[in-house]
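The values are calculated or read from the model by the stated rules, or taken from the named source; none is laboratory data. This is a predicted model, so every value here is computed, not measured. Cβ placement follows ideal geometry from the backbone for every residue including glycine, while neighbour counts extend to all protein chains displayed.
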Amino acid sequence: MATKVFNPLLTSLPLLLTRRRFRLRTFCTGNSPLRLQSKYLETFREEFEVGNRLTSFETGKIARFANGAVVMGVNETKVLSTVASAKADGVRDFLPLTVDYQEKQFAQGVIPSTFMRREGAPKERELLCGRLIDRPIRPLFPSGFYHEVQVMASVLSSDGEQDPDVMAANATSAALMLSDIPWCGPIGMIRIGRINGQFIINPSMDELSSSDLNLVYACTKDKTLMIDVQACEISEKDLKSGLRLAHPEAVKYLEPQIRLAAQAGKRKKEYTLSMMPESTMERIRNLSESRIEAVFSDPTYGKFERGEALDMIAQDVKRSLEEEGNGESLHGLSKAVDTVRKQIVRRRILKKGARVDGRCLDEVRPVYCEAGNLPALHGSSLFSRGDTQVLCTVTLGAPGDAQRLASVVGPSSKRFMLHYSFPPFSINEVGKRTGLNRREVGHGTLAEKALLAVLPPEHDFPYTVRVNSEVMASDGSTSMASVCGGSMALMDAGIPVREHVAGVSVGLVSEVDPTTGEITDYRIVTDILGLEDHLGDMDFKIAGTRNGITAIQLDIKPAGIPLDIICESLEPAFRGRLQILDHMEQAINAPRTNDDRNSPRLATLKYGNDSIRRLIGPLGALKQRIEEETGARISVGDGTLTILAKNQSIMDKVQEKIDFIIGREIEVGKVYKGVVTSIKEYGAFVEFNGGQQGLLHKSELSHEPVSRISDIVSIGQQISLVCIELDVHGNIKLSLKAKASCFPDKGSDALKKGAPQVWASVGDKFNHQKKQSGTKNPVVTKYESPEVPTSAASESSFFIRSVAECDEEEKLAALSQGRTISTFIASHPPSLDPSAANCGGDKSASLNQGSKDKKSQAGSSLRAKDLKLGTVVTASVYQIRARGLVLDLGGGLKGMYRFEANDKRDFKVGDELRVQCCSFSGKGVPVMSRAKDE
C-alpha cells in the first residue's frame, strides 16, 4: 500500500538557509508564508512482511537530489541506499559500476576509537557487503550500457539484531527502480538459516550464531542471480531444499518495489548504447573466425601460448582493417574479437562437448599435492590443479592475536583468518601492490568460510590461526585451490581438523532463444579454466568435505539462470570434489602427530585477579619485560593467563619466571626455586613461589652433619628445594638434601661441599614424557588445558630413570671396574605396588623364596602415614642393586637405601638391618639410612 506521509517536523520551520550565500528563503503555499510547499514534504512508503518481520521501503524524505534514494527499515535497523549516474556518455567497452557500502560507528551509538575519531579506509566486511550488492545487480544492466554508475549504501541505525547487508541490497534494487537509469530489475535478496533441521527466514544475529547454514539468495521473479553460502557440511539434498524455500521468499520483495516505483519513480532516461554495428561484426568475424577456431581446436596450447596466438590473430585483423580504412571497425575491434572467441568456444562445447584443453565436460585437471614443503613453518602446502598453483602457509598465535572487528553486528573478533594474495606475476603481468583489493578479500573470505566448518572449537583449540594463500600461477579458480591448499596446510600444522575440505568451480554454457530469453540448450562444465570462466555464463564455486558442502559462491553473467540448472550443477561438483579429495588424502590424510622444536606451545594458567595484576606490574612493565627477555607472548584474561612460546624450552622459562613472581599452589613433594633471604641458628628462610616464605631447617641442608649453615647456603643464593611438609597453619618446610639426593646437580653448592647422594632408580610414566620432550610431540597436545602444571611439574622430586637404563649403567660401571656382576639382580615380582615400581626392577626371577616369610620388626601394622622423618624400623632386603638396596619396610611399603662409604656390600635377599627414614622422594617413596643406634 503506497501512502504519502506529511512530515510534521518541517511545519514549524519558516525559513531555510542556503549553503553558500546564507540567503534567507521563504517557501509558502496559499496565503500563509509559514507553510512549506508540500512537494518538499512528500514521502512514499511501502510496508510489507517477510519472515514475520515488518519491513518498509521509504523514499522522498532524505537524499532527494540523488537519482534514486531509498531507506529500508526492519525494526530499529535502517539502511540508506542511493544511486547516481554520470551525465556524459562514456567511451569504453565495459560497465564502470561502483558499489560502496559503509558502516559508520554512529549507527550503534559509538565514537570511533581511532586517533582522528573518524572512520578510516573500508574494512573487510564493508568490501564484502559491497560485493554482495554488486554481484546480483550487475547482470541486469542492459547490454551496451557503459555509463558510470555509483551505488552508495550506508547504515543509518542498527539494533544489532538484523544484518544490514541483505537490507542494503534490497534498498539498492528499490533505488535503481526509482531512478532514471535503465535497469532490468527489481531483485529480491533473502537470508536463510537452519537450526535443529528447521529453516529460518531472515534469522536474527543470535539465531544465526546457532545456525549451521547461512544462505544468502538473490533472484528476479523466475531466475537466480546470486548465491552465497556458509554451512557446516550440509548435504546437497538439504541445500536444494533451502534454495527452493529461499526463492519464493525473496520474490516477496519485488512487488513493493514495483508499487513504490509506480508512485515515486522517474521515467527511464534514454542513453546511447555502445553497440557494434552488425556489418562491422560480420567483417571481423570473416577475418578471424577460422583461425580462432583452429587455435581452440588444438589442446596442446598452454594458457600463454594460446593467448599469444589469439593476440597475433587480432593484430592481423587490425592491419587488414587499417588497409581498408575502416576506422569504425577499429574502434570496437577488441570487443568484437572477444565476441567471436566467445561464440566459437560456446558453440564447440554445446555442439561437440569439446573444451579448449581437450578434457571431457566433467573432467578435473591433473592435481599435484605436497604438504610440509616448508618445514621451518608451522604448516605449509603446495597445491596445483592444471596450471593453477597456490602456496599456503599456516601460522599459529595466541588468543590475543585474534583480529579485532568493528562491525555494527556480529562478533567483535575472529581467531581464524585466511588471507588470499594474487600477485601480478601469477599471470605474467606487471602491477603495483596497493591496499585491500576487493577481489582478494572476496576470494580469501570464501576460502575462509569453507575451512571454518572443520576447525576444532575454541575451547579445545585456543590458538589463533592465520592461513596465507599465495597464488603462484593462475588459470582459473584460485579461490578453490586456496581451499585445498589451506586444508592440507592446516593438517600439516597438526591442527585437529575433522577432515579435508576441497573446492571446485563449475561453469555453464547455454543457448538462449532471442525472442523469449529462455534457455533452449546448455552444458555444465566442471573445473573451468580462466578462459571458460570469461566466456561462459557462470562461475559456481562449491567447497566441502565428503560429507557435505561448507561454502558456495555463485556469480553469473546473464540476467538470471533457472534454479533447476543451479541445483543440477551440484552433482558434477560433488563428483569433482571427490576426485580432488582423493589426491589430497594421498599427500596427507590426517593432522600431523609429530611436531618439531619450531612449533609453538600454548598454556592457559588459572590465577586470581590480584595475582595477575601483580604479574603485569605498573603500566604492564613487568609483563613486557618477561616478553622481551623470553620472546613469548602473554595474554591476560579474567582469571586466566595465556602464554604462547615458540618452543617448549621457552615455555618452561616463562613459566619459571611467572612462578617466581606470583607462584602457584604449594604441593608437597614438588621442587621449587627460591632465594635465601635470611639465616638463623636453626636454619634458613627461603623466599619462593611468588613471595612465599619457607623454612629450610638445619637438618634438611645435607645428609652430613652441618656445623655452620653459611657453609651450605648464603643470603641471596638461588637454590632448588623440595617442599616436604605443609602444616595446617600454612608453615612450609623445605629440604635441600632431598633435592640434592634425588636430583644430582654437579653445579650445586651442596654437592660441591660433599653432600652424599642417595641412589634411586625409579621407573615412572613421567620419565617417558620427559624422554619424549626432545622428540616430536603430537600437535593436538601442544596446548594445555586450564589445569596446566607449573614449571615445578616439569621436574620431579627425584632423579627418574627407567629400570633398563639403571641396569645398563650398572653393567657398564661393573665392567669398567673389572669386576663381575654376581650380585646384579634386576627383577621384582609383577604384583609390586606403585611405590615398589617407582624403585625400579623387572619381573622377579631370582628372589629367595625363603625370604618371603620373613617380617620386619615393624610388622604388617606399619603404614605409609605412620612413617615420618627419623622413624626407625627393622627392614628386610627386598632387592640388591649395584649402588644400594630396595628394602621391605613391612605392610607392603618399600624404601630405598644407598650404600655409604665403607659400608658392607655382601647383603643377601632377606637380610635384616635397622634403618631410619631420612627423606622422601617426590612420589612418597621413603629414603632410608643406617639407624644411629647401629
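Things to note:
- Subset of the range 262-284 that is in a helix (DSSP H, G or I) and aliphatic (A, V, I, L, M) - its residue that is nearest to PHE145 (Cα to Cα): MET281
- Qualifying residue in the range 633-655 (condition: under 19 Å from GLU687 (Cβ atoms) and in contact with a strand residue (DSSP E or B) (Cβ under 8 Å, 6 or more places away or on another chain)): yes
- Per-region count, the range 678-702, residues surrounded by 15 or more Cβ atoms within 10 Å (Cβ to Cβ) and either farther than 20 Å from GLN655 by Cα or aliphatic (A, V, I, L, M) (or both): 14
This table checks each residue for (1) of a type in the set (S, T, N, Q); (2) within 27 Å of GLU571 (Cβ to Cβ); (3) more than 28 Å from the chain's Cα centre (by Cα).
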| site | (1), (2), (3) |
| --- | --- |
| SER204 | yes, no, no |
| SER210 | yes, no, no |
| THR220 | yes, yes, yes |
| ILE227 | no, yes, no |
| GLN230 | yes, yes, no |
| SER241 | yes, yes, yes |
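- Among the residues of the range 628-658, those identified as assigned to a loop (DSSP other than H, G, I, E, B) and either aromatic (Phe, Trp, Tyr) or under 21 Å from the mean Cα position of the chain (by Cα) (or both) are ALA632, GLY637, LYS646, ASN647.
- Evaluating ARG259 against the criteria (1) out of contact with any helix residue (DSSP H, G or I) (no Cβ under 9 Å at 6 or more places or on another chain); (2) not assigned by TED's automatic domain parsing to the domain that holds GLY68 leaves one unmet condition, (2).
- Single unsatisfied condition, GLU119 versus (1) within 19 Å of ALA168 (Cβ to Cβ); (2) loosely packed, with under 13 Cβ neighbours inside 10 Å; (3) modelled with pLDDT under 90: (2)
- Some residue of the range 96-111 being of a type in the set (Phe, Trp, Tyr) and either outside the structural domain of SER173 (by TED's automatic domain parsing) or crowded, with 16+ Cβ neighbours inside 10 Å (or both): yes
- Residue within the range 49-66 that is assigned to a strand (DSSP E or B), within 29 Å of the chain's Cα centre (by Cα), aromatic (Phe, Trp, Tyr) and modelled with pLDDT of 95 or more present: no
- Pairs where the first residue, in the range 157-169, is of a type in the set (Val, Ile, Thr) and the second is in a helix (DSSP H, G or I) and surrounded by fewer than 24 Cβ atoms within 10 Å (Cβ to Cβ), C-beta under 9 Å, 6+ apart: VAL166/LEU132
- Qualifying residues in the range 422-458 (those that are within 13 Å of the chain's Cα centre (by Cα) and without any contact (Cβ under 8 Å) to a residue 40 or more places away in the chain) - the one surrounded by the fewest Cβ atoms within 10 Å (Cβ to Cβ): PRO457
- The range 508-544 - residue that is in a helix (DSSP H, G or I) and out of contact with any strand residue (DSSP E or B) (no Cβ under 9 Å at 6 or more places or on another chain) and, of those, nearest to ASP564 (Cα to Cα): HIS534
- The set of residues in the range 237-261 being outside any helix (DSSP H, G or I) and surrounded by fewer than 19 Cβ atoms within 10 Å (Cβ to Cβ) consists of LYS252 alone.
Here's the yes/no breakdown for (1) outside the structural domain of GLY494 (by TED's automatic domain parsing); (2) surrounded by 16 or more Cβ atoms within 10 Å (Cβ to Cβ); (3) among the basic types (Lys, Arg):
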{"site": "ARG306", "(1), (2), (3)": "yes, yes, yes"}
{"site": "ASP311", "(1), (2), (3)": "yes, no, no"}
{"site": "VAL317", "(1), (2), (3)": "yes, yes, no"}
{"site": "GLY325", "(1), (2), (3)": "yes, no, no"}
{"site": "LEU333", "(1), (2), (3)": "yes, yes, no"}
{"site": "VAL340", "(1), (2), (3)": "yes, yes, no"}
{"site": "ARG346", "(1), (2), (3)": "yes, yes, yes"}
{"site": "ARG359", "(1), (2), (3)": "yes, yes, yes"}
{"site": "SER380", "(1), (2), (3)": "no, yes, no"}
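- Considering only residues in the range 508-522 that are more than 16 Å from PRO139 (Cα to Cα) and without any contact (Cβ under 8 Å) to a residue 12 or more places away in the chain, the one that is farthest from the chain's Cα centre (by Cα) turns out to be THR515.
- Of the strands (runs of 3 or more DSSP E) that lie entirely inside the range 859-921, not one contains 3 or more residues that are at pLDDT below 80, of a type in the set (A, V, I, L, M, F, W, C) and touching a Lys or Arg at 6+ places or on another chain (Cβ under 7 Å).
- Residue match in the range 649-661 (condition: in contact with a helix residue (DSSP H, G or I) (Cβ under 8 Å, 6 or more places away or on another chain), within 14 Å of PRO399 (Cβ to Cβ) and not hydrophobic (A, V, I, L, M, F, W, C)): no
- Taking each residue of the range 703-731 that is assigned by TED's automatic domain parsing to the domain that holds GLY674 and looking for partners that are part of a loop (DSSP other than H, G, I, E, B) and loosely packed, with under 13 Cβ neighbours inside 10 Å with beta-carbon atoms closer than 7 Å, six or more apart or interchain, yields GLU704/GLY754.
- Count - residues of the range 645-661 that are surrounded by 22 or more Cβ atoms within 10 Å (Cβ to Cβ) and closer than 12 Å to LEU605 by Cβ: 4
- Residue count for the range 659-707 satisfying the condition of being closer than 30 Å to GLY631 by Cα, in a helix (DSSP H, G or I) and modelled with pLDDT of 85 or more: 0.
- In the range 558-595, of all residues being of a type in the set (D, E, K, R) and part of a helix (DSSP H, G or I), the one that is surrounded by the most Cβ atoms within 10 Å (Cβ to Cβ) corresponds to ARG577.
- Residues in the range 322-365 that are part of a helix (DSSP H, G or I) and aliphatic (A, V, I, L, M): LEU330, LEU333, ALA336, VAL337, VAL340, ILE344, VAL345, ILE349, LEU350.
- Filtered residue count, the range 67-79, keeping only those that are under 37 Å from the mean Cα position of the chain (by Cα), surrounded by 13 or more Cβ atoms within 10 Å (Cβ to Cβ) and part of a loop (DSSP other than H, G, I, E, B): 1
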